[in-house]
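Everything on this sheet refers to the single structure shown next.
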Amino acid sequence: MATLEKILDPKLEAAKGYVDDVFNMVQLRNPNESEFHQAVKEVFDSLIPVLAKHPSYIEHGILERMVEPERVINFQVPWVDDQGKVHVNRGFRVQFNSAIGPYKGGLRFHPSVNASIVKFLGFEQIFKNSLTGQPIGGGKGGSDFDPKGKSDREVMRFTQSFMSELCKHIGPDIDVPAGDIGVGAREIGYMFGQYKKIRGHFEAGVLTGKGFSYGGSLGRKEATGYGTVYFVEEMLKDRGLSFKDKTVVVSGSGNVSIYAIEKATKLGAKVVACSDSSGYIYDTDGINLSTVKRLKEVENKRISEYVKEHPKTQFIEGCSAIWSIPCDIALPCATQNEIDDIAARTLISNGVIAVGEGANMPCTLEAIEIFLENDILFGPAKAVNAGGVAVSALEMAQNSMRLSWTFDEVDQELHQIMKDIYRNSMNAADEYDTPGNLVVGANIAGFKKVADAMISQGVI
């Protein structure tokens, strides 16, 4: 990206002017939506050489059309807690782009959810879904509801209220939501049950991430974490490296983190740290995954409880300092903007060789630039964490065929998809004179497929 500043090619200058104009429009139309602005800026900067080489994208107003969601749905979600008190949360669904297939993207239940976050996630989802090679468009949704500390009955009442409105806007060939932060098998199950009751028939393909007993796919829970490691494995291979004997730090301790830890460990790495919102654990002997799984997946406890069973481990309150731990490979799998420029420089000074974004936009734009300038292997989120939505698409395929594939079949498909995403991103970076820059490559590879479909379908 930085090399463009040194080039005075008139076509590049015209493309840059177009990108700047559209980005300024985005900022004016969407004030106070910093996460959305950040996501758009990161993609736009990558597309300048594509727009210079293919001015038809400018002529067809592709960027203007792509940054404006096809539909934004906001709704109230009233529900009653176990004490009989009425609460009202906000519900969101952004149906961003359907050029290559029905809208597809997760639902996030977290107090931080707002219009900006849902739009940034939905915008990223356009390119992520395109990269998978599956026929799925981009969407995202959720609510500022916090499932932590709520009883099963409270979660059920909330999700039933949420689905009572959302059901009007989704369907197997319209919009297929899935889980995200705060939305796991429990929440998906309650929503599916409510959808089935309202619609009056069993429609397996309306949601993904379902339980295996009613149309879910084996391997879905593991997919994002496994896919993250599969992608980073390909980055390492191109440098003649592997996970074997490498020290790894993984932020978070949800599904993505747990299964990234599991796969990295199987490939010979030693994962020494993980976290939750209260802080992080540092185990120099290597994280005991069975303990983390039990604490987080079964007992729903804080990661600090790990120390009671592994007393040599350190627990440090607060999450940001996890990136001060020396490691060869960093896998940020928690939340957006957790690695800033300071954390990036600390990782580099401590010898990091590769960073793979398992979460959505966990690195700031400044941090990404620092990694690229220092020749650190860097895998961007829309490519690295695409494994989850890829297996969601495989779940849709199984639902359409009324079949269930084995875990090994799904895992093999996932592994190949991640290899293809890596190679396609590398090829796009090479084609547009930014060899090895996977940020640029992933953005271009994802963009061109969607943009070409939009042109083919006319202005609609």
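Readers should treat all values here as calculations from the given coordinates under stated rules, not as data from a laboratory. Since we're looking at a predicted model, the values are computed, not measured. Positions of Cβ are generated from backbone atoms using ideal geometry, with glycine treated the same way; all protein chains shown enter the neighbour counts.
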Ranking of S278, S392 by count of other Cβ atoms within 10 Å, fewest first: S278, S392
Which percent, nearest 5, of DSSP beta bridges in region 71-203 are antiparallel? 65 percent
Net charge near E309, counting Lys/Arg +1 and Asp/Glu -1 over other residues with Cβ under 14 Å of its Cβ? +3
Ranked from fewest to most other Cβ atoms within 10 Å of their own Cβ, E366, E203 fall in the order E366, E203
Sorted by Cβ density within 10 Å, fewest first, the residues V43, V26: V26, V43
Assuming a ≥ b ≥ c are the square roots of the Cα gyration tensor eigenvalues, decide whether region 311-446 counts as rounded (a/c under 1.5), prolate (otherwise, with a/b larger than b/c) or oblate. oblate
Could you state, as a whole-number percent, how many of the C-alpha pairs of region 111-161 are farther apart than 14 Å? 62 percent
Summing Lys, Arg as +1 and Asp, Glu as -1, what charge do residues with Cβ under 14 Å from the Cβ of S242 carry, S242 excluded? +2
Net charge dipole size for region 71-203 [Lys, Arg +1 and Asp, Glu -1 on Cβ; Debye, nearest 20]: 120 debye
Residue span L289 to E64: 0.36 nm per residue of separation minus Cα-Cα distance leaves a gain in nm of 76.4 nm
Total formal charge among the other residues, if their Cβ is under 13 angstrom from that of I455, Lys/Arg +1 and Asp/Glu -1: +1
Rounded if a/c under 1.5, otherwise prolate or oblate - region 100-216, Cα gyration tensor axes: oblate
Any lysines whose Cα falls less than 17 Å from that of K237, other than same-chain ones fewer than 8 residues away, would be K246, K263, K266, K419
Under 16 Å from the Cα of K119 - aspartates and glutamates, other chains or at least 8 residues apart: E33, E35, E42, E64, E68, E70, D144, D175, D180
What shape does region 221-384 have by the C-alpha gyration tensor, where a ≥ b ≥ c are the square roots of the eigenvalues, rounded means a/c under 1.5, and otherwise prolate means a/b greater than b/c and oblate the rest? prolate
Once you charge only the Cβ atoms, +1 for Lys and Arg and -1 for Asp and Glu, what is the size of the charge dipole of the chain about its Cα centre, to the nearest 20 debye? 1420 debye
